[in-house]
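Have a look at the structure below, then the notes.
The values are calculated or read from the model by the stated rules, or taken from the named source; none is laboratory data. These numbers come from a predicted model, not from an experiment. Glycine gets a Cβ as well: all are built from the backbone with ideal geometry, and neighbour counts include every protein chain shown. These area figures cover heavy atoms from the full protein model, side chains too; ligands, DNA and RNA do not enter into them. Shrake-Rupley method; radii C 1.70, N 1.55, O 1.52, S 1.80 Å.
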Amino acid sequence: MPPLVAAAQLCSSSSPALNGQRAAALIRRAAARHACVVFFPEAADYIAANAVHSLSLVQPVTTSPFVLAIQETLAALHSEGTHIDVVAGVHEPTEQPQLDKRTRNTLLYFNSTGEIVQRYQKIHLFDVDIPHGPILKESNSVQPGNAITTPFDTPLGKLGMAICYDLRFPELALELRRQGAQILTYPSAWTMKTGPHFQTLAKAMAILTQCYVIMPAQKGVHNTSHGLPDGIDITTTRESYGHTCIIDPNGTILAECPDTYSGEAAEEGSLCFAEVDLTVVERMRINMPLWQHRRPDVFNK
């Protein structure tokens, strides 16, 4: 049987501890279904009201309640004989927080014992002013990454990591494929105004790279009232688009989380599951040998 993957849909609050508890419960649910990897969205540890709030919440992975909850859950499951890996988007301090008072938007890969074995820092930042919509200047609060994480072996196959807005830049997906990726992931907190592009772009990346694409996403109106510094009032609400899904190399959605739940169910989060069959990847790449047809001599790539 091909390995089973789980994609989680959350509505993270500004409480890393509470978000960690919910992530732990979803990990156990995924493990009970015998998934070998579960993917969580971008900023799964917290959604802040603004940049000042985010800076007050961010912690190193060694002390983050969210990260520690994942590690403790994985260690406990491992001791019980259950092995499942986790991919989760988090905030981290910059390497020199005294000089760069922003955070890093990173994607962490935890092996089944809870060890962080891979990390990717988001390259493309969402600096957008949408007419009659949100003004999001991610670069005001987030330090951009400047390197691709080389695709690496997982129980599913060779994984290439990206985050949210990276989805709009096909050169990253193509480079990850060139470096050997069989699976791509774009954990996201997609905006409502740009929502319709989310699955369309994901399908396109699957077809262009002939990879499975795993799309865990934030969904709903986020509660950002926890841990607000003195003097900060919440003047706007943050809502994420959802539509968490798992897509095969042909651009077909194999599984999708429901987008109609609300209240307590939305806070707890949901999971969708699909098999990752690498023979499908191999067959598609043989039948449609795109990589042999590429023209690096023309495009200098």
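Tell me, yes or no, whether segment 1-11 has at least one residue that is open to solvent by 50 Å² or more (accessible area, probe 1.4 Å) and either in contact with a strand residue (DSSP E or B) (Cβ under 9 Å, 6 or more places away or on another chain) or not aromatic (Phe, Trp, Tyr) (or both).
Here is the first cut: in segment 1-11, the ones open to solvent by 50 Å² or more (accessible area, probe 1.4 Å) are 1.
Checking the rest, the ones that are also either in contact with a strand residue (DSSP E or B) (Cβ under 9 Å, 6 or more places away or on another chain) or not aromatic (Phe, Trp, Tyr) (or both) come to 1.
The answer is yes; a qualifying residue exists.
Which of the residues that make up segment 275-301 are among the charged types (D, E, K, R) and part of a loop (DSSP other than H, G, I, E, B)? First the steps, then the outcome.
Of segment 275-301, the ones among the charged types (D, E, K, R) are 275, 277, 282-283, 285, 294-295, 297, 301.
Matches in segment 275-301: Asp277, Arg294, Arg295, Lys301.
Enumerate the strands (runs of 3 or more DSSP E) found wholly within segment 113-171, keeping only those where 3 or more residues are within 21 Å of Val86 (Cα to Cα). Explain how you work it out, then say what you get.
Values: elements: 116-121, 127-129, 135-137, 158-161.
Ranges flagged: 116-121, 158-161.
Given the structure, is Ala25 modelled with pLDDT of 95 or more, open to solvent by 20 Å² or more (accessible area, probe 1.4 Å), aliphatic (A, V, I, L, M) and not in a strand (DSSP E or B)? Don't jump to the end; show me each part of the working.
Details: modelled with pLDDT of 95 or more: yes; open to solvent by 20 Å² or more (accessible area, probe 1.4 Å): yes; aliphatic (A, V, I, L, M): yes; not in a strand (DSSP E or B): yes.
It is true that Ala25 is modelled with pLDDT of 95 or more, open to solvent by 20 Å² or more (accessible area, probe 1.4 Å), aliphatic (A, V, I, L, M) and not in a strand (DSSP E or B).
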*asked:* Anything in segment 100-112 that is open to solvent by 30 Å² or more (accessible area, probe 1.4 Å) and not in a loop (DSSP other than H, G, I, E, B)? List them, or say none.
replied: Arg104
*Inspect all residues belonging to segment 86-100 and state whether any of them is out of contact with any strand residue (DSSP E or B) (no Cβ under 6 Å at 6 or more places or on another chain), of a type in the set (Gly, Ala, Ser), touching a residue at least 12 places away in the same chain (Cβ under 8 Å) and under 23 Å from Met161 (Cβ atoms).*
no
*What residue, of Ser56, Ser64, is among the hydroxyl-bearing types (Ser, Thr, Tyr) and free of Cβ contacts under 8 Å to residues at least 60 places away in the same chain?*
Ser64
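Within the bounds of segment 72-82, is there any residue that is buried (at least 17 other Cβ atoms within 10 Å of the Cβ), touching a Ser or Thr at 6+ places or on another chain (Cβ under 8 Å), farther than 27 Å from Leu172 by Cα and modelled with pLDDT of 95 or more? It would help to see each step written out before you state the result.
The first filter runs over segment 72-82 and keeps only residues buried (at least 17 other Cβ atoms within 10 Å of the Cβ), leaving 73-74, 77.
Next, from what is left, pick out any that are touching a Ser or Thr at 6+ places or on another chain (Cβ under 8 Å): 74, 77.
Then drop every residue that is not farther than 27 Å from Leu172 by Cα, which leaves 74, 77.
Pick out the ones that are also modelled with pLDDT of 95 or more and you get 74, 77.
The answer is yes, given that some residue of segment 72-82 is buried (at least 17 other Cβ atoms within 10 Å of the Cβ), touching a Ser or Thr at 6+ places or on another chain (Cβ under 8 Å), farther than 27 Å from Leu172 by Cα and modelled with pLDDT of 95 or more.
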*Regarding Gly220, is this residue of a type outside the set (A, V, I, L, M, F, W, C), outside any loop (DSSP other than H, G, I, E, B) and modelled with pLDDT under 95?*
yes
*Got a sec? Which of Ser54, Ser14 is assigned to a helix (DSSP H, G or I), over 16 Å from the mean Cα position of the chain (by Cα), more than 13 Å from Val87 (Cβ to Cβ) and polar (S, T, N, Q)?*
Ser54
_Of everything in segment 211-250, what is surrounded by fewer than 17 Cβ atoms within 10 Å (Cβ to Cβ), closer than 20 Å to Pro196 by Cα and touching a residue at least 60 places away in the same chain (Cβ under 8 Å)? Give them in sequence order._
Val221
*Lone unmet requirement of (1) modelled with pLDDT of 95 or more; (2) open to solvent by 60 Å² or more (accessible area, probe 1.4 Å) for Asp127*: (1)
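Which of the following residues is open to solvent by less than 50 Å² (accessible area, probe 1.4 Å) and under 25 Å from Val221 (Cα atoms): Ala173, Ala181, Ala162? If you could, list the steps in order and put the result at the bottom.
On the way: Ala173 fails: under 25 Å from Val221 (Cα atoms); Ala181 fails: under 25 Å from Val221 (Cα atoms).
Exactly one of Ala173, Ala181, Ala162 is open to solvent by less than 50 Å² (accessible area, probe 1.4 Å) and under 25 Å from Val221 (Cα atoms), namely Ala162.
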